[in-house]
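This is the structure I want to talk about, given as structure tokens.
Just so it is clear, none of the values below were taken in a lab; they were calculated from the coordinates. Source: prediction; values computed, not measured. Virtual Cβ from ideal backbone geometry, glycine too; neighbours counted across all protein chains shown.
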Amino acid sequence: DGSDGRPMWVSYRDGVYDVTTFQHEHPGGSLIKQGAGGDVGLFWDHWTWHHMAPKVGGYLEKLRVGALADPEEVIDAADPYATEPARDLFRQTVLSPRPYSSETPDAALVSSYLTPAAALYVRNHSPVPDVAWPDGETREVA
């Protein structure tokens, strides 16, 4: 798991990878340690840029140290994007649906000096957490 000078290995699909040196270069910093010693697939389903970034797969293959002989059955986890908020797709230019990332269209920017809230750009790096209070429950902010 990389602690106490030991190597840090992770698995993904059918491969095993030594990320001991890479952990110091990982753009997400120490978050890589969440997957130490196990399958990073579930983490990558949450941080989906790993699936979309063209460099990730190629770089990971350079770190391959082995293959899983009999991969365990994939855990059927709940979709972390199931509770994403509804968005006005006509007022934003969608760059990525998962994680949601968008730009404000030029037409919205030049139509007024005030950008409508529904047209504001969005940059998410992971699913938007569902933090709504139960129906009928209110909070007071002082």
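Taking amide H positions as placed 1.01 Å from N in the peptide plane, with prolines and chain starts having none, which residues 5 or more places from R87, or on another chain, fall under 5 Å of its amide H?
none
While we're here: Rounded to whole Hz and in sequence order, give me ³J(HN,Hα) for the range 41-53 from the Karplus expression 6.51 cos²θ - 1.76 cosθ + 1.60, θ = phi - 60°, writing x for Gly and Pro.
Result, ordered by residue: x, 5, 5, 6, 5, 7, 9, 5, 4, 4, 6, 9, 6 Hz.
Using a Förster distance of 41 Å, how high is the FRET efficiency between D14 and Y113, based on the Cβ-Cβ distance and rounded to 0.05? Mind dumping the intermediate values first?
Details: r = 54 Å, r/R0 = 1.33.
The calculated FRET efficiency here is 0.15.
How about the range 85-142: which trypsin sites (Lys or Arg not before Pro) there are in a DSSP loop, with at most 15 other Cβ atoms within 10 Å of their Cβ?
Values: sites: R87, R91, R123, R139; in loops: R87, R91, R139.
Loop-located and lightly packed - R87, R139.
In addition: Hey, can you grab everything whose amide H is under 5 Å from the amide H of W9? Only 5+ residues off in sequence or another chain; H modelled, so Pro and N-termini drop out.
Those qualifying (amide H under 5 Å, at least 5 residues apart or on another chain) are G2, V19, G37.
With θ taken as phi - 60° and the coefficients 6.51, -1.76 and 1.60, list the Karplus ³J(HN,Hα) couplings across the range 109-114 in order, rounded to whole Hz; mark glycine and proline as x.
In residue order, the calculated couplings are 6, 8, 6, 6, 6, 9 Hz.
For the range 13-26, take each phi angle, set θ = phi - 60°, evaluate the Karplus expression 6.51 cos²θ - 1.76 cosθ + 1.60, and give the result in whole Hz per residue in order, putting x for glycine and proline.
Result, ordered by residue: 6, 9, x, 10, 10, 8, 9, 4, 6, 5, 4, 7, 9, 4 Hz.
Mind telling me which of S30, S11, S126 comes out most flexible in a GNM of the chain, alpha-carbon contacts under 10 Å?
Ranking S30, S11, S126 by mean-square fluctuation puts S30 first.
In whole angstrom, how far apart do the alpha carbon centroids of the range 17-60 and the range 83-125 sit?
The two parts, judged by their Cα centres, are 28 Å apart.
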